[in-house]
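The values are calculated or read from the model by the stated rules, or taken from the named source; none is laboratory data. Nothing here was measured: the structure is a model prediction, and the numbers come from that model. Here Cβ is always computed from backbone atoms with ideal geometry, including for glycine, and neighbour counts include all displayed protein chains. Ligands, DNA and RNA are excluded from the accessible area calculation, which covers all protein heavy atoms including side chains. Shrake-Rupley method; radii C 1.70, N 1.55, O 1.52, S 1.80 Å.
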Amino acid sequence: MPRVRVHQHVNPLAPYYRFTPKPLEIEKVFARSDLPLFLDIGCARGRFLLKMAEIEKDWNFLGVEIREPLVEEANRLAKEANLTNLRYEFCNATYSLDKFLEKLPAGILQTVTIQFPDPWFKNKHAKRRMVKDKLVETVAEYLKPAGKIFIQTDIDFLAEEMFAIFRENTNLRETEISENPFPVKTERETAVEEKGLPVFRRIFEKIK
Ligand SMILES: C[S@@+](CC[C@H](N)C(=O)[O-])C[C@H]1O[C@@H](n2cnc3c(N)ncnc32)[C@H](O)[C@@H]1O
């Protein structure tokens, strides 16, 4: 089946995307809701999580993505692969990740990834970038003690901007890393690697 066609970018500030999602009911989406939870924010077509879910059967994988047709396609592929530890949801993470997670207990997230988010190069579009104070606060709240957030991008100014926002949260400890710690690369990471571009990476670990 051909890949679903979508706009390359959508404006997360447009009224259509400023919706309040239905809160996630974890028992309804995973066969075993007690497994450690891995959240990928801005998962696009979800192929990274699809492979991770095939490899790590003792984890649950949740992807959130603002382009709805990609979410539908990714859930279809997860179903075809009989993966009951994988789910994708339509969510504007910058605007409403807190509402989406509100039925979950604090400390449920074991790992969070933000990989190659859209840079929105022009200054007048900076407000559309994904990582903002509120998103960091939500992620830190739902992260387990010693849980980790992995962030990577090939855009230097965006790396500095995102790392600075995460650094402001004193519950998190920053570590610079040179390699992706997971056995799978995202589509964007593979493309960046093929071009030989540098990638800026950090882990932020919840310390309190
Ligand atoms: C450049 S792509 C990278 C996709 C994937 N993480 C990768 O590394 O291949 C960024 C993704 O984030 C999604 N995105 C952008 N803003 C978002 C938001 N506010 N909430 C959820 N997803 C968002 C975009 O639609 C896009 O799929």
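Consider Arg87 carefully, then state whether it is away from the ligand (no atom under 11 Å from the Cβ), of a type outside the set (A, V, I, L, M) and within 13 Å of the chain's Cα centre (by Cα).
Yes; evaluated as a whole, the condition is true for this residue.
List the helices (runs of 4 or more DSSP H) inside region 32-126, counting only whole elements, that have at least 2 residues being of a type in the set (Phe, Trp, Tyr) and under 29 Å from Tyr16 (Cβ atoms).
Hits in region 32-126: 93-101.
Hey, among Glu189, Glu179, Glu174, Glu193, which residue is open to solvent by 40 Å² or more (accessible area, probe 1.4 Å), at pLDDT 95 or above and part of a helix (DSSP H, G or I)?
None of the other options fit; the residue is Glu193.
So, Ile41, is that one aliphatic (A, V, I, L, M), within 15 Å of Tyr142 (Cα to Cα), within 15 Å of the chain's Cα centre (by Cα) and within 9 Å of the ligand (Cβ to nearest atom) or not?
Judged against the criteria, Ile41 is a match.
Determine which single condition Glu102 fails, assuming it passes every other condition in (1) surrounded by fewer than 22 Cβ atoms within 10 Å (Cβ to Cβ); (2) under 17 Å from Gly42 (Cα atoms).
The single condition Glu102 does not satisfy is (2).
Does region 110-155 hold any residues that are farther than 16 Å from Ile165 by Cα, more than 12 Å from the chain's Cα centre (by Cα) and open to solvent by less than 60 Å² (accessible area, probe 1.4 Å), and which are they?
Gln110, Trp120, His125, Tyr142, Leu143, Ala146, Gly147, Asp154
Can we say Leu24 is open to solvent by less than 70 Å² (accessible area, probe 1.4 Å) and in contact with a helix residue (DSSP H, G or I) (Cβ under 8 Å, 6 or more places away or on another chain)?
Spelling it out, Leu24 is indeed open to solvent by less than 70 Å² (accessible area, probe 1.4 Å) and in contact with a helix residue (DSSP H, G or I) (Cβ under 8 Å, 6 or more places away or on another chain).
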